[in-house]
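Note sheet for the following structure.
The values are calculated or read from the model by the stated rules, or taken from the named source; none is laboratory data. Since we're looking at a predicted model, the values are computed, not measured. Cβ: placed from backbone, ideal geometry, glycine included. Neighbour counts: every protein chain shown. All accessible areas refer to the heavy atoms of the entire protein, side chains included, with ligands and DNA or RNA removed. Shrake-Rupley method; radii C 1.70, N 1.55, O 1.52, S 1.80 Å.
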Amino acid sequence: MGDLKNAKMMGGIGAILTVVGLGFIGFILKLLAVKNIAEATGKGEIFSKYLWAAILNILASLILVGTMWGAILGASKSPGFGLGMMGVGGIIAVILMIAGVWFMKQSYDMISEETGVGMFHTVALLYIAGAILMIVMIGGLLIIIAAILEIIAFFSLPDELEKPGEDAVVVA
């Protein structure tokens, strides 16, 4: 299999940067870390699922920002239109976010299985629960907790993965 030192550092630093507000840089580092993990494990699906998650979450963010601007501008002409636009756009953004987080959950579950770092599974569950509960605004707290645990998960990765069937050599 392969070396995970770079993935460990890039993912951990990327997760930290995301938490402290440098989300775009952190996002890029985490994307590269997941790509590195996929290459090290030989499971390209890990990266493709994470990439779908990224695309859907970026789309959800763009829709949410566009909806907010549209609602602000529309509310000056018709308050009902502004509220309606926020409702429809918000629902579409939340649905896309949930779909994106579902793909991330699948990716993180595979990472957990391949690397033995169970924290990725916990992070995935918290992200999906947080995304679903964003509808009632409680989800934000779960997403913050997941982001903090994501830092721990990346830094918990082993430096190297053993090849299948490769056991420690016992010298008599």
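Observations, loosely collected:
- Anisotropy class of the chain from Cα gyration tensor, a/c 1.5 cut: prolate
- The angle separating the long axis of helix 23-41 from the principal Cα axis of greatest extent in the chain is about 40 degrees.
- Exposure ranking of Val34, Val88 by accessible area [1.4 Å probe, largest first]: Val88, Val34
- Accessible area of Leu62 in the full protein assembly, 1.4 Å probe (Å², nearest 10): 120
- Within the listed set Met68, Met119, Met110, the residue fluctuating most in the Gaussian network model of the chain (springs between alpha-carbon atoms under 10 angstrom) is Met68.
- Accessible surface of the chain, 1.4 Å probe, proportion on carbon and sulfur as whole %: 74
- Solvent-accessible surface (1.4 angstrom probe) belonging to Leu73, in square angstrom, nearest 10: 110
- Taking the C-alpha atoms only, the angle from helix 5-19 to the longest principal axis of the chain is near 20 degrees.
- Nearest-20 debye value, the stretch 1-59 charge dipole, Cβ charges on Lys, Arg, Asp, Glu: 60
- Ranking Trp69, Gly12, Leu125 by how far each Cα lies toward the positive end of the dipole of the chain (charges on Cβ) leaves Trp69 at the top.
- Taking the convex hull of the alpha carbon positions in the stretch 1-103 and averaging its projected area over all directions gives 6.9 nm².
- Note on surface exposure: Glu114, Glu160 rank Glu160, Glu114 by accessible area, highest first, 1.4 Å probe.
- Solvent-accessible area of Thr18, all protein chains in place: 50 Å² (probe radius 1.4 Å, heavy atoms, ligands and nucleic acids excluded).
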